[in-house]
Amino acid sequence: MSKANFITKEFGSYKPYSINEYISVGGFKGLKKALSQGYEKTIEDVSASGLQGRGGANYPTGKKLAQARSAKGYGNRYVLCNADEGEPGTFKDKYLLLNGIYQVIEGIIIAGYCAGANKGYIYVREEYTFMHKDIEYAISQVYKKGGLGENILNSGFNFDLKLFSGGGSYICGEGFAMCESIEGKSGRPRSKPPYVKECGLFNDPTLVINTETVSVIANLMKYSVEEFVSYGVEDCPGTKMISVSGNVSNPGVFEVEFGTSLKKIVQMAGGNIEDVKFLQIGGASGAIISSKLLNAPYTYSGMKKVMGSIGSGAVVVCDKTVDVIEYLAVVEEFFHHESCGKCVPCREGNRQLSLIMQRLKTKKAKINDLRNYVKIVNALDASLCGSGRTQIVPFVTAYRYFMNDFKSKIQGV
Amino acid sequence: MENSQYAESINNIIEFYDNEPSNLLQILLKVQDKTPAKFISKEVGNYIAQKLNIPSSKVSEVISYFDAINTSPKGRYIIGVCNSTACFANGYEKIGKVFENELGIKMGQTTEDGMFTLKYTPCFGACDIAPAVRINNSVVGNLTPAKVSKLLKNLKGGGSNE
Ligand SMILES: Cc1cc2nc3c(=O)[nH]c(=O)nc-3n(C[C@H](O)[C@H](O)[C@H](O)COP(=O)(O)O)c2cc1C
Ligand code: SF4
Ligand code: FES
């Protein structure tokens, strides 16, 4: 189990922004196949591949496409390709946009076709403004070739696509918050139900799907489900884009087979296993796990066993020079800064947690701070959106794996 | 402001976005980009509200919600030092201090000559070149104190790191 080439198979063999070169390496073959075999078979194929959403929530993509298709609606139906990539330590979607923009667009069109959608946005974070013009150029090229607009490739399917820029808010990566921001409002989540899939953008059925997920769909159609599932392990087939950073000599984006060990991932990025103190996997809301667990396989179930998750595919490697409590204070600073303030557990919890982390960091904390830490972290579970709810993970895992580090920061212990 | 060239460019942006209130965030981002001091003043916010025929409170709410929209004048170069996880593991704190010392300002401040605004900013996806800073729309990474000095010298000399 190691590096793989399924999603990124053609990367580097063509000029990323030349549509003709993309076509010369088989670009849009996947779309043609989907259009000719029909949406039912296409959704079936996606289901058979076992593909789960790559934006962090791991929802089975085939099921999601089927639900999008059957959602009741009377007007427009939308696809939002999520390129908001806000989880700290994550930069694989940027890599896909830079090296495979036409594959992303092809995947969006296929997803739109499956969902029976007529309009789509690619929601690109404001921090990636330097790419916006290029992405808009790529979209215009696809229109010129008849891959977007009316009667796409003479199939009778109509679909429009536009870029929408984020405004520097992590929360807008959440489906409802994204809808709100596209509607011209401040991007705060709505309460559920109803769900985005039934009642999303402008209250119409909306499919929110990650940039990597659509890139996989494009190549699933172009190649085959069999080829995709020949990678990985039995309970977790396929490949995954990961972003490895931190204290490693060769940080970057890698496509790996599921089942690759964390150890191998660290080594792939030039990390020295002996130096590792901990990893944070899955983004700022991902688990902080000790170096003792590096034999764990990188799969959904393997990560669950160490109280972690695949999340956004981020792997931040920290060596022994990094203080885990100070690191956790950085994580808290992020959530405190990003909390949209709509619900009390997240708004107030982060205010308090941030103070506690400061006291721990400066060794001014008392034993009571630790009790409150546990209490607040548990209370965050009642938050309105996934931000507050998943934010718990690093705090629970760090507490579990690095208890002594907490104790060393407490006065009188 | 009604008949100025600036108002004209705002009108063009609004028209480009079909006078459509749902495009408010896109309009604000583009207008800010056209504004030398990279911010949306109250006056401009009101003007946009009036043009889109929506309450100005709605516009100010969106302006205040999004980090990418500034409410006060900024320097010619907005330097955002990433203070998230991978940059922390690679010493962003030290790099932040070097910027503060070299520019003689604290995070959140703008130099008197209006050249530089310095601030902390969450991860912008340049973790593979941590520690990294964002300067307007470009990114510079693998920073060391020496590299920061050189970078600032270039920018002060009118260099091209925009
Ligand atoms: C606070 C928050 C931030 C999120 N940020 C992102 C993001 O940046 N990119 C992303 O693809 N999904 C993000 N998600 C997950 C999306 O809500 C959604 O599940 C995902 O985009 C669906 O696509 P998928 O099924 O292909 O993963 C975020 C969720 C939450 C709660
Ligand atoms: S959990 Fe946090 S980010 Fe999500 S709605 Fe509540 S306050 Fe906003
Ligand atoms: S953590 Fe600094 S750019 Fe991602």
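Being part of a helix (DSSP H, G or I), surrounded by 19 or more Cβ atoms within 10 Å (Cβ to Cβ) and more than 7 Å from ligand 2 (Cβ to nearest atom) is the filter here; which residues of segment A:380-391 pass it? Walk me through how you get there before you give the answer.
Taking segment A:380-391 as the starting set, the residues that turn out to be part of a helix (DSSP H, G or I) are A:380-382, A:386-390.
Those still in the list that are surrounded by 19 or more Cβ atoms within 10 Å (Cβ to Cβ) too: A:380, A:387-388, A:390.
Answer for segment A:380-391, where residues must be part of a helix (DSSP H, G or I), surrounded by 19 or more Cβ atoms within 10 Å (Cβ to Cβ) and more than 7 Å from ligand 2 (Cβ to nearest atom): A:Leu380, A:Thr390.
Among the residues of segment A:72-120, which ones are more than 23 Å from B:Ser84 (Cβ to Cβ) and open to solvent by 10 Å² or more (accessible area, probe 1.4 Å)?
Within segment A:72-120, the first condition is being more than 23 Å from B:Ser84 (Cβ to Cβ), and the residues that meet it are A:72-81, A:99-120.
Within segment A:72-120, A:Lys72, A:Gly73, A:Tyr74, A:Gly75, A:Asn76, A:Arg77, A:Tyr78, A:Asn99, A:Tyr113, A:Gly116, A:Asn118, A:Lys119 qualify.
The rows are residues; the columns are (1) among the small types (Gly, Ala, Ser); (2) buried (at least 18 other Cβ atoms within 10 Å of the Cβ); (3) free of Cβ contacts under 8 Å to residues at least 40 places away in the same chain; (4) not assigned by TED's automatic domain parsing to the domain that holds A:Asn295.
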position: A:Val25; (1), (2), (3), (4): no, no, yes, yes
position: A:Gly30; (1), (2), (3), (4): yes, yes, no, yes
position: A:Leu35; (1), (2), (3), (4): no, yes, no, yes
position: A:Tyr39; (1), (2), (3), (4): no, yes, no, yes
position: A:Thr42; (1), (2), (3), (4): no, yes, no, yes
position: A:Ala48; (1), (2), (3), (4): yes, no, no, yes
position: A:Gln52; (1), (2), (3), (4): no, yes, no, yes
position: A:Ala57; (1), (2), (3), (4): yes, no, no, yes
position: A:Ala68; (1), (2), (3), (4): yes, yes, no, yes
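If you scan segment B:66-94, which residues turn out to be surrounded by fewer than 23 Cβ atoms within 10 Å (Cβ to Cβ) and in a helix (DSSP H, G or I)?
B:Glu93, B:Lys94
Test each condition in (1) open to solvent by 30 Å² or more (accessible area, probe 1.4 Å); (2) within 24 Å of A:Lys304 (Cβ to Cβ); (3) at pLDDT 95 or above; (4) not aromatic (Phe, Trp, Tyr) for A:Glu226 and report the one that comes out false.
Answer for A:Glu226: the failing condition is (2).
Give B:Gly108, B:Gly141, B:Gly96 a once-over and let me know the one that is at positive phi, outside the structural domain of B:Ser41 (by TED's automatic domain parsing), without any contact (Cβ under 8 Å) to a residue 60 or more places away in the chain and touching a strand residue (DSSP E or B) at 6+ places or on another chain (Cβ under 9 Å). Full working, then the answer.
On the way: B:Gly141 fails: at positive phi; B:Gly96 fails: at positive phi.
Exactly one residue qualifies, and that residue is B:Gly108.
Take the residues of segment A:181-198 that are open to solvent by 10 Å² or more (accessible area, probe 1.4 Å) and touching a strand residue (DSSP E or B) at 6+ places or on another chain (Cβ under 8 Å): which is farthest from the other protein chains (Cβ to nearest Cβ)?
So the residue we want is A:Lys197.
Residues are listed down the side, and each one gets a yes or a no for (1) among the polar types (S, T, N, Q); (2) outside any strand (DSSP E or B); (3) at pLDDT 95 or above:
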| site | (1), (2), (3) |
| --- | --- |
| A:Lys292 | no, yes, yes |
| A:Gly308 | no, yes, no |
| A:Ser312 | yes, yes, yes |
| A:Ile325 | no, yes, yes |
| A:His336 | no, yes, yes |
| A:Cys340 | no, yes, yes |
| A:Pro345 | no, yes, yes |
| A:Glu348 | no, yes, yes |
| A:Leu355 | no, yes, yes |
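Please verify whether segment A:334-342 includes one or more residues that are within 9 Å of ligand 2 (Cβ to nearest atom) and among the acidic types (Asp, Glu).
Initially, segment A:334-342 is screened for residues within 9 Å of ligand 2 (Cβ to nearest atom), giving A:335, A:338-342.
After this cut, where a residue has to be among the acidic types (Asp, Glu) as well, the list is A:338.
The answer is yes, given that some residue of segment A:334-342 is within 9 Å of ligand 2 (Cβ to nearest atom) and among the acidic types (Asp, Glu).
Among the residues of segment A:331-352, write down those that are at the interface with another protein chain (Cβ under 10 Å from one of its Cβ atoms) and open to solvent by 10 Å² or more (accessible area, probe 1.4 Å).
Scanning segment A:331-352 gives A:Glu333, A:Phe334, A:His337, A:Glu338, A:Cys340, A:Gly341.
Only strands (runs of 3 or more DSSP E) wholly contained in segment A:182-285 count here; list those with 1 or more residues that are within 16 Å of ligand 3 (Cβ to nearest atom). Spell out the reasoning first.
Working: elements: A:206-210, A:239-246, A:252-257, A:276-281.
Per the criteria, A:239-246, A:252-257, A:276-281.
Going through segment A:234-267 one residue at a time, which ones are at pLDDT 95 or above and more than 21 Å from the chain's Cα centre (by Cα)?
Passing the criteria: A:Asn247, A:Val248, A:Ser249, A:Asn250, A:Lys263, A:Lys264, A:Gln267.
Kindly provide the set of residues from segment A:19-40 that are under 19 Å from A:Gly62 (Cα atoms) and in a loop (DSSP other than H, G, I, E, B), ordered by number.
Once the filter is applied, which keeps residues that are under 19 Å from A:Gly62 (Cα atoms) and in a loop (DSSP other than H, G, I, E, B), segment A:19-40 yields only A:Gly38.
For segment B:60-111, name all the residues that are among the basic types (Lys, Arg) and within 21 Å of A:Tyr327 (Cβ to Cβ). Please lay out each step first, then the result.
Taking segment B:60-111 and keeping what is among the basic types (Lys, Arg), we get B:74, B:76, B:94, B:97, B:106.
Across segment B:60-111, the qualifying residues are B:Lys94, B:Lys97.
Given the condition assigned to a loop (DSSP other than H, G, I, E, B), within 12 Å of another protein chain (Cβ to nearest Cβ) and either charged (D, E, K, R) or open to solvent by 10 Å² or more (accessible area, probe 1.4 Å) (or both), answer yes or no: does some residue in segment A:122-139 qualify?
Step one: filter segment A:122-139 for residues assigned to a loop (DSSP other than H, G, I, E, B), giving A:125.
Remaining after also requiring within 12 Å of another protein chain (Cβ to nearest Cβ): A:125.
Within this subset, residues satisfying the condition of being either charged (D, E, K, R) or open to solvent by 10 Å² or more (accessible area, probe 1.4 Å) (or both) are A:125.
Scanning segment A:122-139, I find at least one residue that is assigned to a loop (DSSP other than H, G, I, E, B), within 12 Å of another protein chain (Cβ to nearest Cβ) and either charged (D, E, K, R) or open to solvent by 10 Å² or more (accessible area, probe 1.4 Å) (or both), so the answer is yes.
Taking the conditions exactly as written (buried (at least 20 other Cβ atoms within 10 Å of the Cβ) and either hydroxyl-bearing (Ser, Thr, Tyr) or outside any loop (DSSP other than H, G, I, E, B) (or both)), does A:Leu360 satisfy them or not? Spell out how you get there, then give the answer.
Details: buried (at least 20 other Cβ atoms within 10 Å of the Cβ): yes; either hydroxyl-bearing (Ser, Thr, Tyr) or outside any loop (DSSP other than H, G, I, E, B) (or both): yes.
Considered against the rule, which asks whether it is buried (at least 20 other Cβ atoms within 10 Å of the Cβ) and either hydroxyl-bearing (Ser, Thr, Tyr) or outside any loop (DSSP other than H, G, I, E, B) (or both), A:Leu360 comes out as yes.
For segment A:56-98, how many residues are more than 11 Å from ligand 1 (Cβ to nearest atom) and not in a helix (DSSP H, G or I)?
10
Kindly indicate the residue of segment B:113-126 that is farther than 12 Å from B:Val81 by Cα and either outside any loop (DSSP other than H, G, I, E, B) or open to solvent by 40 Å² or more (accessible area, probe 1.4 Å) (or both) and also farthest from ligand 1 (Cβ to nearest atom) among those meeting that condition. Let's see the steps before the verdict.
Pass one, segment B:113-126, residues farther than 12 Å from B:Val81 by Cα: B:113-116, B:125.
Next, only the ones that are either outside any loop (DSSP other than H, G, I, E, B) or open to solvent by 40 Å² or more (accessible area, probe 1.4 Å) (or both) stay: B:113, B:116.
Working: B:Asp113: 37, B:Phe116: 30 Å.
So the residue we want is B:Asp113.
Quick test for you: out of A:Phe159, A:Phe164, A:Phe176, pick the one residue that is in contact with a Leu (Cβ under 7 Å, 6 or more places away or on another chain) and of a type in the set (Phe, Trp, Tyr).
Details: A:Phe164 fails: in contact with a Leu (Cβ under 7 Å, 6 or more places away or on another chain); A:Phe176 fails: in contact with a Leu (Cβ under 7 Å, 6 or more places away or on another chain).
On inspection, the qualifying residue turns out to be A:Phe159.
Looking at the structure I just gave you, is B:Leu155 touching a residue at least 60 places away in the same chain (Cβ under 8 Å) and among the aliphatic types (A, V, I, L, M)?
Judged against the criteria, B:Leu155 is a match.
Tell me, please, whether a residue that is more than 14 Å from every other protein chain (Cβ to nearest Cβ) and closer than 30 Å to B:Glu20 by Cα can be found in segment A:214-223.
From segment A:214-223, those more than 14 Å from every other protein chain (Cβ to nearest Cβ) are A:214-223; that's our starting set.
Filter once more, keeping what is closer than 30 Å to B:Glu20 by Cα: A:214.
Checked segment A:214-223: at least one residue is more than 14 Å from every other protein chain (Cβ to nearest Cβ) and closer than 30 Å to B:Glu20 by Cα.
If you check A:Phe406 against the conditions, is it crowded, with 23+ Cβ neighbours inside 10 Å and either among the small types (Gly, Ala, Ser) or modelled with pLDDT of 95 or more (or both)?
On the way: crowded, with 23+ Cβ neighbours inside 10 Å: no; either among the small types (Gly, Ala, Ser) or modelled with pLDDT of 95 or more (or both): yes.
So A:Phe406 does not fit the description; no.
Would you check which residues across segment A:392-410 are within 16 Å of ligand 2 (Cβ to nearest atom) and among the hydrophobic types (A, V, I, L, M, F, W, C) and list them? Give the derivation first.
Going through segment A:392-410, the residues within 16 Å of ligand 2 (Cβ to nearest atom) turn out to be A:392-395.
If the condition is that a residue be within 16 Å of ligand 2 (Cβ to nearest atom) and among the hydrophobic types (A, V, I, L, M, F, W, C), then A:Ile392, A:Val393, A:Phe395 are the ones that fit.
I want to confirm something. Restricting to segment B:65-83 and keeping residues that are of a type in the set (D, E, K, R) and closer than 18 Å to B:Leu103 by Cα, which single residue is nearest to the chain's Cα centre (by Cα)? Reasoning before the result, please.
First, pick out the residues of segment B:65-83 that are of a type in the set (D, E, K, R): B:67, B:74, B:76.
After this cut, where a residue has to be closer than 18 Å to B:Leu103 by Cα as well, the list is B:74, B:76.
Details: B:Lys74: 7, B:Arg76: 9 Å.
Top of the filtered list is B:Lys74.
The values are calculated or read from the model by the stated rules, or taken from the named source; none is laboratory data. For clarity, every value in this text was computed on a predicted model and none was experimentally measured. Cβ coordinates were reconstructed from backbone atoms using ideal geometry, including for glycine residues, and neighbour counts include every protein chain displayed. Remember, those area values only see protein heavy atoms, side chains included, never the ligands or the DNA or RNA. Shrake-Rupley method; radii C 1.70, N 1.55, O 1.52, S 1.80 Å.
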